[in-house]
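Trainee: This is the structure I want to talk about, given as structure tokens.
The values are calculated or read from the model by the stated rules, or taken from the named source; none is laboratory data. Note that the coordinates shown come from a computational prediction; the quantities given were computed from them, not determined experimentally. Cβ sites come from the backbone with ideal geometry, for glycine too, and all protein chains shown count toward neighbours.
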Amino acid sequence: MKLNQSKVKISGKSLRIAIILPRFNDELGSELLENTQKQLVAIGVKSAQVYRVPGALELPYAAQKIAKKKKHDAIIALGVVIRGETKHFDIVTEEAHRGLMQVSLTQMVPVIFGVLAVENKKQALDRVRADRMNKGAEFAEAAVEMAQFSA
């Protein structure tokens, strides 16, 4: 069975997007942010404000504070979490996801989960790089589509 994966026409004109990025894994995160911002501009978003936090577990709190101000049409929570030797990876990714979903549903603002949870740096680079999977562009498009959906 083939799924209908038609491309939705989206325009970011007049949308205000917030982007939250942890400083943890900053080199990878900064590249993810850059690709997200480039795609937002390509879609026509004129206002994309960036907020920085220490790590992925701080994303839900920042998203909650941003959402409550009602100044943005969507929030993109970015980040890169690479599995280590402990259970910390699972806790960080699951709780960040749970918190961001809660913010989206309680504040009625689309929050895009742009946190890459990967096994190693190679997987992160494959997803971050513009000439590879370019997940930043995907997260930008999802934010604009969801902002239009909720308008």
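Trainee: Working only within the stretch 14-23, note down all residues that are surrounded by fewer than 22 Cβ atoms within 10 Å (Cβ to Cβ) and modelled with pLDDT of 95 or more. Let's see the steps before the verdict.
Mentor: Filtering the stretch 14-23 down to residues surrounded by fewer than 22 Cβ atoms within 10 Å (Cβ to Cβ) leaves 14, 16, 23.
Matches in the stretch 14-23: R16, R23.
Trainee: Condition first: touching a strand residue (DSSP E or B) at 6+ places or on another chain (Cβ under 6 Å) and not basic (K, R). Now tell me which residues in the stretch 114-149 satisfy that. Walk me through it before giving the result.
Mentor: From the stretch 114-149, those touching a strand residue (DSSP E or B) at 6+ places or on another chain (Cβ under 6 Å) are 114-118, 124, 127, 139, 142-143, 146-147; that's our starting set.
G114, V115, L116, A117, V118, A124, F139, A142, A143, M146, A147, listed by residue number.
Trainee: What pairs come up if the first residue lies in the stretch 16-44 and is on the phi > 0 side of the Ramachandran plot, the second is hydroxyl-bearing (S, T, Y), and their beta carbons are under 6 Å apart, counting only those six or more places apart or on different chains?
Mentor: The qualifying pairs are G44/S11.
Trainee: Just the residues that are under 19 Å from P22 (Cα atoms) and crowded, with 22+ Cβ neighbours inside 10 Å, please, taken from the stretch 73-91. Break it down into steps so the answer makes sense when it comes.
Mentor: Residues of the stretch 73-91 under 19 Å from P22 (Cα atoms): 74-84, 88-91.
Listed by number, the residues that qualify are A74, I75, I76, A77, L78, G79, V80, V81.
Trainee: Which of the residues that make up the stretch 47-72 are surrounded by fewer than 19 Cβ atoms within 10 Å (Cβ to Cβ) and under 20 Å from E141 (Cα atoms)?
Mentor: S47, Q49, V50, Y51, K71
Trainee: Tally time: how many residues in the stretch 28-42 are surrounded by fewer than 19 Cβ atoms within 10 Å (Cβ to Cβ) and hydrophobic (A, V, I, L, M, F, W, C)?
Mentor: 2
Trainee: It is to be established whether one or more residues within the stretch 43-52 are over 19 Å from V144 (Cβ atoms) and aromatic (F, W, Y).
Mentor: First, pick out the residues of the stretch 43-52 that are over 19 Å from V144 (Cβ atoms): 52.
Now restrict to residues that are aromatic (F, W, Y): none.
For the stretch 43-52, residues over 19 Å from V144 (Cβ atoms) and aromatic (F, W, Y): absent.
Trainee: Regarding the stretch 99-112, can at least one residue be identified that is β-branched (V, I, T) and farther than 20 Å from K68 by Cβ? Outline the logic, then answer.
Mentor: First, the residues of the stretch 99-112 that are β-branched (V, I, T): 103, 106, 109, 111-112.
Within this subset, residues satisfying the condition of being farther than 20 Å from K68 by Cβ are none.
No, because not a single residue in the stretch 99-112 is β-branched (V, I, T) and farther than 20 Å from K68 by Cβ.
Trainee: A further question on this structure: Considering only residues that are acidic (D, E) and at pLDDT 95 or above, look in the stretch 40-86 and name the one that is nearest to Q123 (Cα to Cα).
Mentor: Step one: list which residues in the stretch 40-86 are acidic (D, E), which gives 58, 73, 85.
Among the residues that remain, those that are also at pLDDT 95 or above are: 58, 73.
Numbers: E58: 23, D73: 31 Å.
Restricting to residues being acidic (D, E) and at pLDDT 95 or above, the top hit is E58.
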